[in-house]
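Here the structure comes first, spelled out in structure tokens, and everything after it is commentary.
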Amino acid sequence: MGHAQAGEGQGVLRWLLPLVNSSNFRLVVFMHLASSSRYADLSFQARCGNSGLHLPKISLGLWHNFGSVDDAENARAIALRAFDLGVMHFDLANNYGPVPGSAEETFGRILREDLGDYRDELIISTKAGYTMWPGPHGDFGSRKYLLASLDQSLKRMGIPYVDIFYSHRRDPNTPMEETMGALATAVKSGKALYAAISNYSPEDTVRACVILRELGAPCVVHQPKYSMFERTPERGLLDVVGREKIGAAVFSPLAQGLLTDRYLQGIPSDARAAKPTGFLKREDISEAKLVKIRALAGLAAERGQPLASMAIAWVLRDPRVTSAIIGASKTHQVDQCVTAASSAPFTTEELERINAILADD
Ligand code: NDP
């Protein structure tokens, strides 16, 4: 992975906007000048199944650390650092925040102020499927919810289209034809370029792919949760992804930070498990879990890489996995995660040792 040259990868003066207000003030606007080596490593981008859509091996998710409660400058620095390293896919959802919707607003600001010139390089995804507003059409999978939500997402980000629009979860009470029909409408209206699904079972994935193909808006990618601590996709879903020739962009490959050195010396005050959002709880970090994390960290050290890097390399070892969608609260975490894409392949013995460590998980 190349690094930024002098003058690149930073905010540089791109244009001057003379703005005369009551005190004759001039507003100087800095846009980001991205590293020219961001695509130097050709193997960093991978095709989604048999589609024309490519994703970076490591994508950046904006679920945490990009809300209105978070430090906007830090969020901006993380996004720009990722882009400079070739991470041109940013994964959002209507409800990311907190408050819900605010991650899309933060990203809209980054687009306006820093990355707007690079829009044609960026893959921006959003989703609808979890609670967003009151009433029966602010949740799940109705046509009314999905299409209204997409309009809201576009407005918050200030863009006319997203690259990927996901049904965030299967709605058991709405016909799948209706939910997939809404995705196809989004694609045909030009408000999304590709249709996608997340958190669907293997059986529902097959049906969704059939319906979307018939509607002329094929499913290009599935987004399941997959990590050393969450191996459910190995029980059927990855086989379906392979057979349907779609991509897999897997989320939480670090198990929200557990599969890193973050919790080896206790719970740092700025870590996710210390925050009140409740997505990663203190009780999730049991002594039994820590025993496994320490053993995995030991193996990673033998391989000459940090645990975070090894954990991401492990999900990417399966060729059906197109991209690992990471989260980050600091730019140096992005740097470390991206090294996973160029790490040494696992030997059979290493994979067996990992299986043994995870055995009763
Ligand atoms: P991860 O499993 O990658 O966890 C990210 C967290 O791990 C960071 O916030 C940070 O924790 C820690 N971390 C990251 N890198 C390092 C490092 N090098 N060293 C130490 N700690 C590190 O992913 P997320 O759970 O954040 O999910 C990623 C994305 O997946 C989301 O943003 C979203 O886009 C998507 N997603 C999709 C879902 C769906 O239903 N489709 C559901 C959930 C996520 P800390 O903040 O403590 O520093």
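We did not get these values from a lab; they are worked out from the coordinates using the rules stated. Small disclaimer: the values here were computed from a predicted structure and weren't measured. FYI the Cβ positions are ideal-geometry reconstructions off the backbone, even for glycines, and counts take in every protein chain you see.
Quick notes on this one:
- Where labels lie 7 Å past Cα in the beta-carbon direction, separation of ASP120 and VAL291 in nm: 5.7
- In the range 258-327, chymotrypsin sites (Phe, Trp or Tyr not before Pro) in a DSSP loop with at most 14 other beta-carbon atoms within 10 Å: PHE279
- Set of the range 52-95 residues, backbone N closer than 17 Å to the point 7 Å along the Cα-Cβ line of GLU113: 65-83
- Distance histogram in 10 Å bins (all Cα pairs of the chain, percent per bin): 5, 24, 33, 26, 10, 2, 0, 0
- Estimated FRET transfer efficiency when R0 is 35 angstrom, pair GLU234-LYS330 (beta carbons, to 0.05): 0.70
- With a cut-off of 12 Å between beta carbons, the residues surrounding ASN74 carry a summed charge of -1, where Lys and Arg count +1 and Asp and Glu -1.
- Extension gain from THR347 to SER36, taking 0.36 nm per residue of separation minus the Cα-Cα distance: 108.5 nm
- Bins of 10 Å from zero: percent of alpha-carbon pairs in the range 295-360: 21, 53, 25, 2
- Measuring between alpha carbons in the structure, the pairs from LYS188/LYS245; LYS155/LYS191; LYS144/LYS191; LYS127/LYS155 lying more than 18 angstrom apart are LYS188/LYS245.
- Just so you know, the averaged projected area of the alpha carbon convex hull for the range 97-208 sits at 7.1 nm².
- Helical runs (DSSP H, four residues minimum) scored at -39500 (n - 2.57) apiece and divided by the length of the chain put the mean residue ellipticity at 222 nm at -10000 deg cm²/dmol.
- With the simple spin-label model, which puts each label point 7 Å out from Cα in the Cβ direction, the LYS144 to ASP261 separation comes to 5.3 nm.
- Sequence ranges 353-360, 170-177, ranked by mean other-Cβ count within 10 angstrom, highest first: 170-177, 353-360
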